[in-house]
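Written below as structure tokens is the structure these notes are about.
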Amino acid sequence: MKYRIAFVVLSILALYTSHAQFVYFDVSRFNTNSNQPESIVHLDVEKDGDTDFVVAYSKDKKVVLYRKNNNENKYSVVPIYSFLDGAADLTKGDFNNDGFEDIIASGTVAGNHRIVYLENSKTGGFRSFVEVVKSTSNAFIGLEAVDLDQDADLDFISVEFSTVSSPGELILWQNDGNAGFTKKVLSTNSVDARQTLSLDYDNDGDLDIVSAEGLGKKLALYTNNGSLGFTKTTLIDDLNICNSIATHDFNNDQKPDFLVSEYVGDMVKLYVSNAVNSYDPVVISDDVDTPSDVKLIDFQNDGRMDILVAYNTENAVMMYTNAGNDAFGLPRFNQNGFYPLTNAFFLTVGDFNLDNKQDFAAVGLGYTGFVTFHNLTAIVSADDLPNNTGDFSLYPSLVSQQVTIKSRSAMSIDQITIFNLSGQTICQRQVSDINTTIDCNSYTPGPYFAKVTDLAGRTKTIQFIKVE
């Protein structure tokens with residue numbers, strides 16, 4: 001069953017000289033009655049212009065494709081593989097160079113740790129799996145599709161879920177060009193790694209690897225010598241069970257900064273590179289429980305990266321909007337969005353409907369499906385917004401039936417104009433009273449603005465949301 005609700009970033013997030021930007025997401029829940037989804041990726045499985053999703057369900061031991069039906073917000077359920085014990089991690093890419101994206105999946109049940117390759121059938125599904133590896137030792141996680149050897153064939157990386165006393169392996173699975181994979185161990189000293197990022201950290205033309213080591217409590221840098229020989233050093237060492245990482249150059253110094261989640265420390269932090277080759281920490285959040293996944297996304301299309309966090313114990317996905325840099329050049333973030341999701345665990349980000357706005361989808365361990373968030377952010381012409389002079393109130397801000405607008409001064413309201421995100425006038429009313437109530441039952445769910453003017457000509461524009 002699918003539910004459609006409005007998800008609102010609670011206020012106008014950015015005011016410009018003559019425009020207001022309203023961040024708004026249309027949220028759809030897809031209850032698929034499958035247990036414990038741990039990972040989700042998006043792709044266009046049949047190259048028809050629609051975004052499809054693949055979800056790994058740990059408890060149900062399966063990997064499932066949700067293929068979108070044309071332009072409708074509905075999906076066909078296409079089972080891919082139903083025998084992957086502890087299906088936990090996914091990555092995607094064109095591993096056999098046929099122009100269609102395939103799937104790599106791993107299972108993490110003790111004694112049956114496997115990685116499987118699922119080949120795209122080119123007809124809206126996937127062919128039978130090929131087992132890349134099976135092991136009874138450590139579980140393979142942190143799958144990352146990357147052409148690490150730069151031979152034009154897409155490889156992938158895995159790490160091993162391990163302990164401090166018995167470190168695991170950082171592994172490159174080299175592709176022969178036809179999705180045949182050969183194991184190459186890059187390190188045997190990976191301490192409980194959870195996720196990797198491949199990037200040219202030292203700007204020498206080859207790809208290095210940054211790994212989030214959970215029990216190791218650090219970000220480890222593996223520097224590539226150009227021949228797939230890697231030297232491990234510690235990049236950041238004051239973490240508490242780092243579970244997820246993302247990277248972006250926030251201060252424009254041509255060096256990567258790192259966003260991290262401390263799963264046990266209950267913190268989300270951004271480490272910004274500085275002039276002495278170390279990092280200045282910026283605390284994004286320190287008052288919510290168990291951040292399990294972090295992603296970077298430009299909600300507002302303003303060129304500044306915002307932050308998404310899935311909080312497991314907090315049962316929520318939260319949004320933090322980039323408010324620009326402070327006097328010291330460090331970025332600032334405001335918490336501006338909250339969406340409840342039971343045991344929120346993993347996120348995927350992309351432009352799902354090809355409208356040049358970043359959307360996202362999420363899974364939670366306690367939910368039986370997945371949730372999509374389509375970005376409906378718009379810039380609304382409201383020339384008077386920065387110069388509001390009127391003193392009015394509007395309630396409730398989330399409107400199901402009617403909205404009340406009241407003057408907080410002795411001056412009566414003269415006129416109210418309500419317009420939508422496209423600037424179209426929905427309602428215009430002469431009032432000549434201190435307050436008035438407007439029936440919104442016929443309004444389409446979504447964001448609106450009420451422009452209120454009193455008898456003295458003072459004006460204020462107030463936003464509200466019509467919900468179902």
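Remarks
- Just one of the numbered conditions (1) open to solvent by less than 30 Å² (accessible area, probe 1.4 Å); (2) aliphatic (A, V, I, L, M); (3) closer than 20 Å to Phe25 by Cα is not true of Leu421: (1).
- Residue match in the stretch 116-135 (condition: surrounded by 23 or more Cβ atoms within 10 Å (Cβ to Cβ) and among the β-branched types (Val, Ile, Thr)): no
- For the stretch 429-446, the criterion of being modelled with pLDDT under 85 and under 23 Å from Phe25 (Cα atoms) is satisfied by at least one residue.
- Selection within the stretch 253-265: residues that are of a type outside the set (Phe, Trp, Tyr) and modelled with pLDDT under 90. The member of this set that is surrounded by the fewest Cβ atoms within 10 Å (Cβ to Cβ) is Val264.
Every residue, every condition in (1) at pLDDT below 90; (2) hydrophobic (A, V, I, L, M, F, W, C); (3) in a loop (DSSP other than H, G, I, E, B), yes or no:
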{"residue": "Phe352", "(1), (2), (3)": "no, yes, yes"}
{"residue": "Gly366", "(1), (2), (3)": "no, no, yes"}
{"residue": "Phe373", "(1), (2), (3)": "no, yes, no"}
{"residue": "Pro386", "(1), (2), (3)": "yes, no, no"}
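- Scanning the stretch 255-268 for residues that are in contact (Cβ under 8 Å) with a residue 24 or more places away in the chain and not aromatic (Phe, Trp, Tyr) yields Pro256, Leu259, Val260, Ser261, Glu262, Val264, Gly265, Asp266, Met267, Val268.
- Val403 falls short on exactly one of the conditions (1) in a strand (DSSP E or B); (2) modelled with pLDDT under 90, and that condition is (2).
- Residue list for the stretch 11-62, restricted to those being of a type in the set (D, E, K, R), open to solvent by less than 10 Å² (accessible area, probe 1.4 Å) and at pLDDT below 90: none
- Residues being touching a Lys or Arg at 6+ places or on another chain (Cβ under 7 Å) and open to solvent by less than 10 Å² (accessible area, probe 1.4 Å) - total across the stretch 326-355: 1
- Unique residue being touching a Phe, Trp or Tyr at 6+ places or on another chain (Cβ under 8 Å) and among the polar types (S, T, N, Q) when the list is Asn243, Asn225, Asn277, Asn251: Asn243
- Matching entry among Leu154, Leu199 (being within 22 Å of Ala88 (Cβ to Cβ), modelled with pLDDT of 90 or more and in contact with a strand residue (DSSP E or B) (Cβ under 7 Å, 6 or more places away or on another chain)): Leu154
- Of the strands (runs of 3 or more DSSP E) lying entirely inside the stretch 273-325, the ones with 2 or more residues being on the phi < 0 side of the Ramachandran plot, in contact (Cβ under 8 Å) with a residue 12 or more places away in the chain and open to solvent by less than 10 Å² (accessible area, probe 1.4 Å) are found at 291-297, 306-311, 316-325.
- Filter result for Lys451 (surrounded by 19 or more Cβ atoms within 10 Å (Cβ to Cβ), touching a residue at least 12 places away in the same chain (Cβ under 8 Å), over 24 Å from Phe373 (Cα atoms) and charged (D, E, K, R)): yes
- Residue that is nearest to Thr290 (Cα to Cα) [pool: residues in the stretch 224-252 that are of a type in the set (Ser, Thr, Tyr) and open to solvent by 40 Å² or more (accessible area, probe 1.4 Å)]: Thr247
- Positions within the stretch 144-185 being in contact with a Phe, Trp or Tyr (Cβ under 7 Å, 6 or more places away or on another chain), open to solvent by 20 Å² or more (accessible area, probe 1.4 Å) and within 21 Å of Lys218 (Cβ to Cβ), in sequence order: Glu144
- The single condition among (1) assigned to a strand (DSSP E or B); (2) in contact (Cβ under 8 Å) with a residue 60 or more places away in the chain that Phe419 does not satisfy is (2).
- The residue pairs whose first member lies in the stretch 205-234 and is touching a residue at least 40 places away in the same chain (Cβ under 8 Å) and on the phi > 0 side of the Ramachandran plot, whose second member is assigned to a strand (DSSP E or B) and open to solvent by less than 40 Å² (accessible area, probe 1.4 Å), and whose beta carbons are closer than 8 Å, counting only pairs six or more residues apart or on different chains, are Leu228/Leu172; Leu228/Leu186.
The values are calculated or read from the model by the stated rules, or taken from the named source; none is laboratory data. Just so it is clear, the model here is predicted, and its values are computed rather than measured. All Cβ positions, even for glycine, are placed from backbone atoms using ideal geometry, and neighbour counts span all protein chains on display. In case anyone asks, the SASA skips ligands and DNA or RNA and just uses the protein heavy atoms, side chains included. Shrake-Rupley method; radii C 1.70, N 1.55, O 1.52, S 1.80 Å.
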